[in-house]
1. Only one of ARG347, ARG293 is surrounded by fewer than 17 Cβ atoms within 10 Å (Cβ to Cβ) and not in a loop (DSSP other than H, G, I, E, B); which?
2. Just a yes or no: is a residue in the stretch 101-108 surrounded by 21 or more Cβ atoms within 10 Å (Cβ to Cβ), under 16 Å from LEU239 (Cβ atoms) and not hydroxyl-bearing (Ser, Thr, Tyr)?
3. Look through the stretch 312-325, keep the residues that are part of a loop (DSSP other than H, G, I, E, B) and free of Cβ contacts under 8 Å to residues at least 24 places away in the same chain, and return whichever of them is farthest from GLY160 (Cα to Cα).
4. Taking the stated definitions as given, is VAL244 over 28 Å from the mean Cα position of the chain (by Cα) and at pLDDT below 95?
5. Looking at the stretch 50-96, which of its residues are more than 19 Å from VAL277 (Cα to Cα), charged (D, E, K, R) and free of Cβ contacts under 8 Å to residues at least 40 places away in the same chain?
6. Considering only strands (runs of 3 or more DSSP E) fully contained in the stretch 361-446, which possess at least 2 residues that are within 28 Å of VAL460 (Cα to Cα) and at pLDDT 95 or above?
7. Need pairs with beta-carbon distance below 7 Å; first residue in the same structural domain as LEU151 (by TED's automatic domain parsing) and assigned to a helix (DSSP H, G or I) and within the stretch 228-240, second at pLDDT below 95 and of a type in the set (Asp, Glu); sequence gap 6+ or separate chains.
Amino acid sequence: MGTTARNFIFLLLVGRISARCYDPSPAFPLPKLDSYREASKFEHVLVGLKESLEELTLPAEYDTSSFSVEITSSHGTLWETHHTARDKNTSRPGAATVDGTSVYRMASVTKAFTTLAIIQQHIAGNLSLDDPIDQYLPRLGGEIPWKDITLRTVASQLSGIPREFTQADVINEFSNPLVLGLPPVDEKAEGVPQCDVYYAYDRPCNEDDLYKDLATKKPIWPPKQKSTYSNYNFDLLGLVIEKVSGLSYTEYVKSRILQPLNMTSSSFVKSSDSTAVLPKGGTYWDVDKGIQRPTGGLYSSTSDMSSFLRYVLKNYNGLTPQLNWFNPGSYSTTRSSFYGMPWEIFRTDCILSETSRPIIFVTKGGSHPGYYSSVIMLPEYDLGITILTAGSRSLKAKIIEAVTVALVQAAEDVAQSNLKYRYTGEYLSPSKDLNSSLVLAHSDAKSLYIESFVSNSTDVIAAWQNLTGLEENFRVQLVPTLLYRDEQNQRGEIWRGLIVPQNRNPGLVWDDFCLTDEDSDYYARKPLFEMVFWEAQPGGKIVDHVDISAFRVRLDRKHTEHVSSEEAADGASLKGAQMGNYGDGDQVVLNH
């Protein structure tokens, strides 16, 4: 090969390497429910987590606090734990013992249901996510440019409109705001809404209150310019749902989401006190949210929310061709936080010590006086978490930190153990006349990678490096595409080999710049490092064959005496620690 050609290939490859992330994601297929239930280390982490959460509530400041935590995969609940406040209202204690059916106020977690309802109506053809909102709500007026604000931007917190019309005004939030040095004002003359007042609740706001107040408001940002949190957005989406469906908002969500998912503890009407989690001194349990139900009116339990999270985990990328529901719509102020529809998305590389691969949390939080809620999904691990608290405001954040860090580390251990057990080893040509072999290795830092690859007696990796003149130290890591050669039967897992540089240079600002490009070089129209793994029998725990597409060869795995994916777990099944053994494995179809 001439020098010019060699230099061209070198530059081409260097460009591709510089575009690679150092630790690609996803690093493994979705862990299955049984792999969590059969992992003794995972069980031990959850046992320890229960003890840690109980320790969190020992300080006297949490005597009046209750909480519920439940973890589910897309196919069933894995674990739950609950804590009942030591000090409750004597006249109105609520649920005697908090459990998975105990009901909390969900606050802004309700927005996820409102958004799903809008997506359903998009699927049904009754609206488009990219329609301007005033097409459905012609009463909207004032200085806000409604014609430039679409349903998608509203659901993504990109409308640029103010946060809300009552609770953001301190004149409604505090009984005496003058202590802040503010001057006295005539509330009625200033047009302050006389509804949904925190300190002295009288009546819920209605549709007329909403339109009247919005007509006086100015935009914070131009539409789509910058994300800013707004409860108005979801009040308006609730009205759109009513307009296009012909049902009230609450009836729509009840009949099209809650009932199909068998969320029997969930409602927009408070449950009886016997199932209610009532914080001491709190009165917000009885508050009717009125026109603001779509932004924060739902009552629910951890058991019901797990049903919802299972549906979302199964369907987030299959609801409509126009949308992956987990993708961010805009970035927030920090480099790790993003807004979705209506998700608050957090991306961090601070949890896993062996790799720089970031973990993505798709979340929705909410708060009412005395109630603080969060749902958190980890799509990489196929896990969802519901955290509901009643009482102290500070407790939820401590629970989130304890649960998510421990859970991710435990789930990572399960996923990496399965990866090593299922795929690593030597793959050989079934023909003695063909000297071709593949050795796949694993480490927690590198996940699954090619240790050696010989084709027709040629060391492929060494030949590739020599051909291109590449001097940089690299590995070829295998990444699952989550696609199958036989999609109907979910067989023939398609993986791609990515060239990943081993050496980072954190002293360079742009070292952290990464745009993924996971389509490799081709040979005669076949991806050079595409590999398709096959089991001998459907549902097998290990793969038996690999097709290496560009090399037109199938290699058979050399079988040795295999141990379990936990390596000496003795086949232990999970027990104790309130490990769940239930769920809704069947696909639920929601009507639109």
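The values are calculated or read from the model by the stated rules, or taken from the named source; none is laboratory data. Just so it is clear, the model here is predicted, and its values are computed rather than measured. Here the Cβ positions follow ideal geometry from the backbone for every residue, glycine too, while neighbour counts run over all protein chains shown.
1. Matching residue, one of ARG347, ARG293: ARG347.
2. The answer is no; no qualifying residue exists.
3. We begin by selecting, within the stretch 312-325, every residue part of a loop (DSSP other than H, G, I, E, B); these are 316-319, 321-322, 324-325.
Imposing the further condition that a residue be free of Cβ contacts under 8 Å to residues at least 24 places away in the same chain reduces the set to 317-318, 321, 324.
Working: ASN317: 27, GLY318: 29, PRO321: 27, ASN324: 23 Å.
Applying the filter and picking the extreme gives GLY318.
4. no
5. Those that are more than 19 Å from VAL277 (Cα to Cα), charged (D, E, K, R) and free of Cβ contacts under 8 Å to residues at least 40 places away in the same chain: GLU51, GLU55.
6. Filter on the stretch 361-446 gives 425-428, 437-443.
7. TYR232/GLU164
Conditions tested, residue by residue: (1) farther than 30 Å from ASN126 by Cβ; (2) in contact (Cβ under 8 Å) with a residue 40 or more places away in the chain.
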residue: ASN327; (1), (2): no, no
residue: THR334; (1), (2): yes, no
residue: SER337; (1), (2): yes, no
residue: MET341; (1), (2): no, yes
residue: GLU344; (1), (2): no, no
residue: THR348; (1), (2): yes, no
residue: LYS364; (1), (2): no, yes
